[in-house]
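Structure first, commentary second.
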Amino acid sequence: MLERRVPSQSLRPPLDPKGIIDSLGNKWTVIEVQKAAKVIASYLGLGDLVFVISIQTQRSSTAGRIHLDKNERDVFIELSPDVFKSKDQTLTVLSHEITHKFLERFGIRNGHTTLEDEYLTDTAAVYLGLGKLMLNGSIVDGSRVGYISSDCLGFLYLMTLAKSSLTPSAYRSSLCQEALATLKRVESAFGQLIDARTHDLSDFSAKLAELSNLIKAAREHAYHTERDLKQAMNRLSDANASFESAKLLIEKSEAEVSKIANNVQSDSERYLSFASVQIKASDALNRASSLLHKARLQIEVPGVLNNGPKRTFWRRLFEPRGVVVEPPADKPHA
């Protein structure tokens, strides 16, 4: 919306907060604040207006307010005493309030609520070239002003500058340490979106085709993954049945061994009992081993999980830790 209504604004170098503060000298009174407001207004093309600044106690969590009247040449802005203590936060609030006047003059609104208009105003202030002023005063000594977070301001600032020819040193100059840290976080998280090359649409058709191909490849990958998962789930069901049968055989063998261990018998009776159980247990364990091997084969999806890292993953997932389940010696390996 802003690009359609005021397309040339974002191509200018951002207004330098250090230049404003240095020009005012060491004093910081309402007179200096009024001069700063005049500089900001002139930068936005509102030099025909007179901004009258006063320091007034505001409602809780309100940093300042502007009195808008389309028919008046004088524009009144009130600042909170807490904001007035900080030069950086004063410039931030002035930028926000004067941007309100800019948007009113051009008839630019967003949504139907006051909060939506406030979000637009913060966004527009950055877009119109007041990004450095907005960033420097967003958070000062833990005190925050503005409607959108400092990270959002940083993202908007870098996105706006992506179309300009400013060097990193130029768009970082006059920013406080807190603002620089914000830009670093934003660039780390959203560097690809902010990259100026992303905004170069001279080869739009080629970029669109490249994106379409990526989407097509992702869709095919999703299709094959879904197919493989369905096969795996069917095989897992069969494998579970084999595993449960093997578990029953093992538990039965364990019970038989426990039974003879707890019975008080003569040596000859104990020997015969052990021999009988040994035969039964060996047979049961062989059958259990075959079933476990079958279960392992059933969870391997042909052509997908039989080779490489994927097979290794399934082995780790389904084989007991520290126990390698192998087929019986008289059975051929898969």
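Miscellaneous remarks
- Among residues that are surrounded by fewer than 22 Cβ atoms within 10 Å (Cβ to Cβ) and more than 23 Å from the chain's Cα centre (by Cα), residue 149 is not included.
- Among the residues of the range 96-144, those identified as closer than 26 Å to residue 48 by Cβ and either among the hydroxyl-bearing types (Ser, Thr, Tyr) or touching a strand residue (DSSP E or B) at 6+ places or on another chain (Cβ under 8 Å) (or both) are 96, 97, 98, 99, 100, 101, 121, 123, 127.
- Taken over the range 108-135, the criterion of being surrounded by fewer than 23 Cβ atoms within 10 Å (Cβ to Cβ) and among the hydrophobic types (A, V, I, L, M, F, W, C) is satisfied by 108, 115, 120.
- When 174, 165, 138 are checked against the criterion of being within 27 Å of residue 193 (Cβ to Cβ), surrounded by fewer than 16 Cβ atoms within 10 Å (Cβ to Cβ) and out of contact with any His (no Cβ under 6 Å at 6 or more places or on another chain), 165 stands alone in meeting it.
- Criterion (acidic (Asp, Glu), in a helix (DSSP H, G or I) and at pLDDT 70 or above) met by exactly one of 269, 251: 251
The values are calculated or read from the model by the stated rules, or taken from the named source; none is laboratory data. In this text, all values refer to a predicted model and were calculated from it rather than measured experimentally. Cβ: placed from backbone, ideal geometry, glycine included. Neighbour counts: every protein chain shown.
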